[in-house]
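These notes concern the structure reproduced below.
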Amino acid sequence: MSQENVEVVTGIIASFNAGDVLAAAEGFHPDAEWRDLSHAPDTPELLVGVEAIVAVAAQWAQAFDKFGAEVFEYIDADPWVICDTRWYGEGRGSTLGVEIHQADAYEVRDGKVARAVLAYPDVPTARKSLALAE
């Protein structure tokens with residue numbers, strides 16, 4: 001089942017990078033939790049439900065001309081998938097860029113993401129926080 005978990009997360013990231021937020025949202029449980037440890041000041045740390053997740057993604061789309069994620073490694077830690085990720089963006093109407101390297105973790109249940117925790121400083125910190133063995 002763990003390879004299937006990785007495929008769920010890769011599908012979400014691919015849809016998001018293609019600009020199809022609604023397709024990405026289909027990979028989440030309706031009541032999924034999305035926790036961003038380095039959230040923007042005007043956004044709550046914890047979002048609950050697909051509608052809230054889509055609403056924040058729409059805000060990102062308004063702020064950036066280009067925004068996406070490059071995942072260097074998908075780490076199977078069943079039921080979690082930890083991603084060594086570089087998030088990047090270019091401000092709307094600007095050449096100002098944003099680039100963040102972090103570890104993100106997605107808990108997959110029944111073929112959908114039930115919980116996501118973003119912005120661990122690195123993969124070992126994510127593993128430790130989620131109480132996962134190396």
Practice prompt. Answer yes or no as to whether Tyr106 is open to solvent by 40 Å² or more (accessible area, probe 1.4 Å) and within 21 Å of Ala18 (Cα to Cα).
Written response: no
Item to complete: Any chance you could count how many residues in the range 49-62 are at pLDDT 95 or above and open to solvent by 80 Å² or more (accessible area, probe 1.4 Å)?
Response: 1
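This table checks each residue for (1) modelled with pLDDT under 95; (2) under 24 Å from Val6 (Cβ atoms).
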position: Thr43; (1), (2): yes, no
position: Leu47; (1), (2): no, yes
position: Phe64; (1), (2): yes, no
position: Phe67; (1), (2): yes, yes
position: Tyr74; (1), (2): no, yes
position: Trp80; (1), (2): no, yes
position: Cys83; (1), (2): no, yes
position: Tyr88; (1), (2): yes, yes
position: Gly91; (1), (2): yes, no
Worksheet entry | Of the criteria (1) over 23 Å from Pro121 (Cβ atoms); (2) touching a helix residue (DSSP H, G or I) at 6+ places or on another chain (Cβ under 9 Å); (3) among the hydroxyl-bearing types (Ser, Thr, Tyr), which one Thr95 fails | (2)
Practice prompt. Search the range 31-48 for residues being small (Gly, Ala, Ser) and open to solvent by 30 Å² or more (accessible area, probe 1.4 Å), and hand back the single one that is farthest from Arg115 (Cα to Cα).
Written response: Ala40
Worksheet item: Has the range 4-24 got at least one residue that is within 14 Å of the chain's Cα centre (by Cα), assigned to a strand (DSSP E or B) and surrounded by 13 or more Cβ atoms within 10 Å (Cβ to Cβ)?
Response: no
Fill in: Residue check, Thr95 of a type in the set (Ser, Thr, Tyr) and open to solvent by less than 70 Å² (accessible area, probe 1.4 Å)
no
Discussion item. Tell me the residue from Phe67, Phe72 that is open to solvent by 30 Å² or more (accessible area, probe 1.4 Å), in contact with a Cys (Cβ under 9 Å, 6 or more places away or on another chain) and under 22 Å from Gly89 (Cβ atoms), please.
Written reply: Phe72
Discussion item. Tell me whether the range 81-102 contains one or more residues that are touching a Ser or Thr at 6+ places or on another chain (Cβ under 8 Å), under 22 Å from Phe28 (Cβ atoms) and small (Gly, Ala, Ser).
Written reply: no
Response to the item:
Among strands (runs of 3 or more DSSP E) entirely inside the range 41-134, those with 3 or more residues being among the charged types (D, E, K, R) are 64-77, 80-91, 97-109
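The values are calculated or read from the model by the stated rules, or taken from the named source; none is laboratory data. In this text the structure is predicted, and so the values were computed from the model without any measurement. All Cβ positions, glycine included, derive from the backbone under ideal geometry; neighbour counts span all protein chains shown. What goes into the accessible areas is simple: the full protein's heavy atoms, side chains included, and nothing from ligands, DNA or RNA. Shrake-Rupley method; radii C 1.70, N 1.55, O 1.52, S 1.80 Å.
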